[in-house]
Amino acid sequence: MERLSIVSKDDRNDTKFLSLQAVGIGSLAGIVVFPAALGSLQVFLFAPLRLSCSIPIASSVFGSLAVATSATIASITSLSASLIYQRFHSSLVEKKHNRSAIKLRYSFSSNDLGFYVAAAGITFKLIGGRFKSVLPSSFYKQGAFAHSFIPAKGQQYATTKEKLILNSIGRKHGCHTCGNRRSKYYVGDHIPPNSLQKQGEQQVFYPQCNNCSSSQGGLLAVNSLKKTKLKLRTHVFAIRLYHMYLPFPFILMAIRQYIIQ
């Protein structure tokens, strides 16, 4: 199989290699950029457009596109950082030099981006991520971190026993609106809220931190559904394991170098 490689204009026949240090720098750059890109899309695109995780189907579609876009940005940044590091230290070497050192043969083509995106999306799902969870949370529906809930018996506050259960859920999954897992206690958030409940509609309790509860209460106090819908809660700093980026560009290089001979 013909190997893909990026070569300099001055020497088009030389295969280039990346040192382990360059691979490490590139991987670190990708790890930082992936969640940063997701957070930026959430704050500067989805929030201004009033797109929340509670929109059926569309939230998952937009979320998957956000993961794909962020994976692309992280991968390109990862590759760029590794090359900049190599060139800065003058360590891109010809194949015939320093053969005893461990290096990774550098290769890239535009088709590789498809592998990076697919691998990132699969990893995101396998680790427990939900595409819709990268969008901001609504204050009147299930939030981005809504997992387990308990039935609500009418519009009354949660009982002591129910609060214990909600605290347990909250410490595991976080506030269903912002993802905070360090709250001292969690209140039972009625979904749908009492003031927006339709006749015969069943309510449930989700754990919610005090800050989100206060914000929600202020919005609902004006008794304006339109205003409540427009207000969203972003959760850029609620990092989860599924925000982890694996260095797919270097994984593909390694596969080409050591497996596909």
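Brief remarks on what is shown
- Debye-sum result for region 118-240 in log10 I(q)/I(0), which assumes one identical scatterer on each alpha carbon, at q = 0.10, 0.19 Å⁻¹: -0.31, -1.02
- In the chain, Cα pairs under 8 Å separated by at least six residues give a relative contact order of 27 percent.
- Computed over region 43-94, the range of Cα coordinates on each principal axis works out to 53, 19, 9 Å, biggest value leading.
- If the convex hull is drawn through the Cα atoms of region 127-197, its volume per residue in Å³: 94
- Among the chymotrypsin sites (Phe, Trp or Tyr not before Pro) within region 126-191, those in coil by DSSP and having at most 14 neighbouring Cβ atoms inside 10 Å are 157, 185.
- Here, the chain yields an orientationally averaged convex hull projection of 17.5 nm² when only Cα atoms define the hull.
- Expected 222 nm ellipticity per residue - DSSP helices of 4 or more, -39500 (n - 2.57), all of the chain, to 500: -13500 deg cm²/dmol
- Angle of helix 112-126 to the longest C-alpha principal axis of the chain, folded into 0 to 90 degrees and rounded to 10: 40°.
- Rounded to the nearest 20 debye, dipole of the chain from Cβ charges on Lys, Arg, Asp, Glu: 520
- Region 23-156: translational diffusion in µm²/s, Stokes-Einstein, Kirkwood Rh over Cα pairs, 4 °C, 1.567 mPa s: 75
- For the set 125/172; 163/184; 141/231; 132/198; 141/198; 161/184, the pairs lying more than 20 angstrom apart at their alpha carbons are 132/198.
Values in this text are rule-based calculations from the coordinates and carry no lab data. Note that the structure is a prediction, hence the values are computed from the model and not measured. Ideal geometry is used to build each Cβ from the backbone, glycine not excepted, and the neighbour counts take in all protein chains shown.
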